[in-house]
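The values are calculated or read from the model by the stated rules, or taken from the named source; none is laboratory data. Predicted, not measured: the structure shown is a model, and the values here were computed from it. Cβ atoms come from the backbone with ideal geometry, glycine included; neighbour counts cover every protein chain shown.
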Amino acid sequence: MNIPRKPIAEICKKTGIEFSSHDLKRTFLTIGEAAMIPFSLLKALANHKTDNDVTGGYINPEAKTLKAATWKIADFIQSHSAATGDNVHFLLKASGE
């Protein structure tokens, strides 16, 4: 998959918020950790190699498992955000504020 440079540039221009695809990946994985996704699944979702990890070489998550983990992260984002009505969501603080 290529980096979606054009859509990111459009969003940055419209919002005035600068970010990169790496920022999105870091946020996705951080939220995955908060959603209690196991580290091995987070590595698989990030497409990170497990060559240097002996145990990791034995774990081959199924597509169904990866999809369920992705939906768990999406549900976590949904439950911790508030819509503005302009198709924009703001993440809430951990306390729910």
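Out of all the residues in region 46-63, is one or more under 19 Å from L24 (Cα atoms), surrounded by 12 or more Cβ atoms within 10 Å (Cβ to Cβ) and small (G, A, S)?
yes
Across region 33-81, what is the total count of residues that are aliphatic (A, V, I, L, M), in a loop (DSSP other than H, G, I, E, B) and closer than 29 Å to K93 by Cα?
So in region 33-81, the residues aliphatic (A, V, I, L, M) come out as 34-37, 41-42, 44-46, 54, 59, 63, 66, 68-69, 73-74, 77.
Narrowing further to those that are in a loop (DSSP other than H, G, I, E, B): 35-37, 46, 54, 59.
The next check asks that each one be closer than 29 Å to K93 by Cα; those that pass are 35-37, 46.
The total comes to 4.
Only one of K93, K67 is loosely packed, with under 13 Cβ neighbours inside 10 Å and either closer than 19 Å to L24 by Cβ or in contact with a helix residue (DSSP H, G or I) (Cβ under 8 Å, 6 or more places away or on another chain) (or both). Can you tell me which?
K67
Would you confirm, using the coordinates I've provided, whether I11 is β-branched (V, I, T), outside any helix (DSSP H, G or I) and surrounded by 10 or more Cβ atoms within 10 Å (Cβ to Cβ)?
So I11 fails the test.
Determine which member of the set A46, A94 is at pLDDT 80 or above, of a type in the set (A, V, I, L, M, F, W, C) and either under 13 Å from the mean Cα position of the chain (by Cα) or on the phi < 0 side of the Ramachandran plot (or both).
Only one candidate passes the filter, namely A46.
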